[in-house]
1. Among G155, G140, G160, G124, which is of a type in the set (G, A, S) and open to solvent by 10 Å² or more (accessible area, probe 1.4 Å)?
2. So which of G271, G248 ends up being closer than 18 Å to A146 by Cβ and modelled with pLDDT of 95 or more?
3. I'd like to know if region 63-80 contains one or more residues that are within 30 Å of G356 (Cα to Cα), assigned by the TED database to the domain that holds R230, acidic (D, E) and without any contact (Cβ under 8 Å) to a residue 60 or more places away in the chain.
4. Can we say T177 is part of a loop (DSSP other than H, G, I, E, B), in contact with a helix residue (DSSP H, G or I) (Cβ under 8 Å, 6 or more places away or on another chain) and β-branched (V, I, T)?
5. Looking only at region 5-61, how many residues end up being in a loop (DSSP other than H, G, I, E, B), open to solvent by 30 Å² or more (accessible area, probe 1.4 Å) and farther than 21 Å from G208 by Cβ?
6. Contact list please: Cβ distance under 8 Å, first residue in region 105-129 and farther than 24 Å from S180 by Cβ, second residue open to solvent by less than 20 Å² (accessible area, probe 1.4 Å) and part of a loop (DSSP other than H, G, I, E, B), pairs at least six apart or on different chains.
7. D262 is checked against (1) surrounded by fewer than 18 Cβ atoms within 10 Å (Cβ to Cβ); (2) within 26 Å of A146 (Cα to Cα) and fails just one. What number does that condition carry?
Amino acid sequence: MTAGRFHRGERIPGSGQVRILIDPATGEQTTTVSEATVAEARAAVTAATEAYPEWSGRTAGERARAILRWADLIDAHAADLTALEVAETGKPVAVFRDGELPFGTDNLRFFAGAARSLEQSGAGVLSEGYTSMIVRRPVGPVVGIAPWNFPMIMGLWKIGPAIAAGNTIVVKPAPATPSSTLHIAALAVEAGIPAGVLEVVTGDESVGQALVEDERVQLISITGSTRAGRQVMSTASARGGRVHLELGGKAPCLVFEDAHLDSAAHGIAMGATYNSGQDCTAATRVYAQESVFDDVVARLRDKFAAIRVGSPHDPTSDIGPLVSLEHRGRVHGFVERAVAAGATVHIGGSVPEGPGAYYPPTLITGAQQCAEIVQDEVFGPVLVVLPFSDEAQAIVLANDCRYGLASSVWTQDVARALRVSHAIEAGVTWVNDHLPIASEAPHGGVKASGFGKDMSQEAVAEYTVARHIMVKHAPRAAHDSFRPS
């Protein structure tokens, strides 16, 4: 049995329910986790609260050096972390080991440097007789609620900027994918990050609710569904708590007639199926100009046909299974309802025989703009393609959705690329590509996709508050006239 808490520097069992973890590639049990209770979640906040004064009192350089040592240890434990992540998510070994893990430690190294260069104004005379300083300080103990699709890396997107800025944090990983987060927490202490700075609790929604309700928590950061984000925001707002929300997405890809169509098909197919489509920034709805619509559909079908779905441990596999049989049923339900409403499946769309939660890349046309398959987040390797007539209509269709996280524009016309990119309502727009990210660039959405930024200098600022310190330096200052003599 796996101990489901990391508390005051030690990995210990929780006193709550025992959860069975399942390998989505085989359907077999991998281990069990002793989850935390509501009382243990509150104890984690207590530990983080007690650790805060000492950690926030360290210089940015001291915190940065500890974070850099932590990143080195994570790299050194790549094999163990890969085994844990693959067993619980089903993503191919190479995808995590060679891509996500080194990118996660690059994020940490960036945050370590960003903490030392937070923008703060120097001393200045803003009012006669006074010197003002605008400084940034950590907000205090925070909570991070991480998703199951990228357990370790998105956990680091919360932990890294939070502790770099001087906060302490309690992390609640998704119930089905806790192991990599628990492992890196132990490595943090080994790196010299004091006990209590990073606490981890596993458990169901009641554990998360207890964390969000706790008055001592100064900010809650969640990556998850729009429903979950709204629930967190509602609970936090009742006590005046700050929130940072990275929620769902339904990324549009606008393919104009002058685009390099094979490159567009290649990039969109990868963007639609990376991590088996379980990505809030995934390419999900393609709008192709009418003159090239059939060509785009044919090219996408060919690209989907070439994607190899298989065991996460097979080096030839491009994508693995979905996270669970339950989630596969949800994804397939979207496809079945789309077909019942008159849509056409060009490839995929059926549940394969055999063990595991596998689902093939699926390409759909013939849906209406108002259809569920176009408007709602499927979170699987399912792509719907619709036509548009001109640039104006393409923009209207792209923005006709409650989500606003990611998007892409495919054209060789630089002026058009800029016009359309500025007009799309999304946190990021890629031109002639889909999905690339960098530690230095902010990640976050608008509309129902939430607010606040992960990664970049802006992420570190999210976990701080600007303060004004004003020092009287003249025997008699301008504001003395308001006081009785």
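1. Just a single option satisfies the conditions, and that option is G124.
2. Exactly one residue qualifies, and that residue is G248.
3. Yes, region 63-80 contains a residue that is within 30 Å of G356 (Cα to Cα), assigned by the TED database to the domain that holds R230, acidic (D, E) and without any contact (Cβ under 8 Å) to a residue 60 or more places away in the chain.
4. Numbers: part of a loop (DSSP other than H, G, I, E, B): yes; in contact with a helix residue (DSSP H, G or I) (Cβ under 8 Å, 6 or more places away or on another chain): yes; β-branched (V, I, T): yes.
Criteria met by T177.
5. 5
6. L118/A165; S127/A477; E128/A477; G129/A477
7. Condition (2) is where D262 drops out.
Okay, residues lined up against (1) more than 25 Å from M154 (Cβ to Cβ); (2) surrounded by 21 or more Cβ atoms within 10 Å (Cβ to Cβ); (3) modelled with pLDDT under 95:
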position: S221; (1), (2), (3): no, yes, no
position: F256; (1), (2), (3): yes, yes, no
position: C280; (1), (2), (3): no, yes, no
position: E290; (1), (2), (3): yes, no, no
position: P321; (1), (2), (3): no, yes, no
position: R328; (1), (2), (3): no, yes, no
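The values are calculated or read from the model by the stated rules, or taken from the named source; none is laboratory data. Note that this is a predicted model, so its numbers are computed, not measured. Note that each Cβ is placed from the backbone with ideal geometry, even for glycine, and that neighbours are counted across all protein chains shown. To get the accessible areas, we keep the full protein, side chains included, count just its heavy atoms, and leave off ligands, DNA and RNA. Shrake-Rupley method; radii C 1.70, N 1.55, O 1.52, S 1.80 Å.
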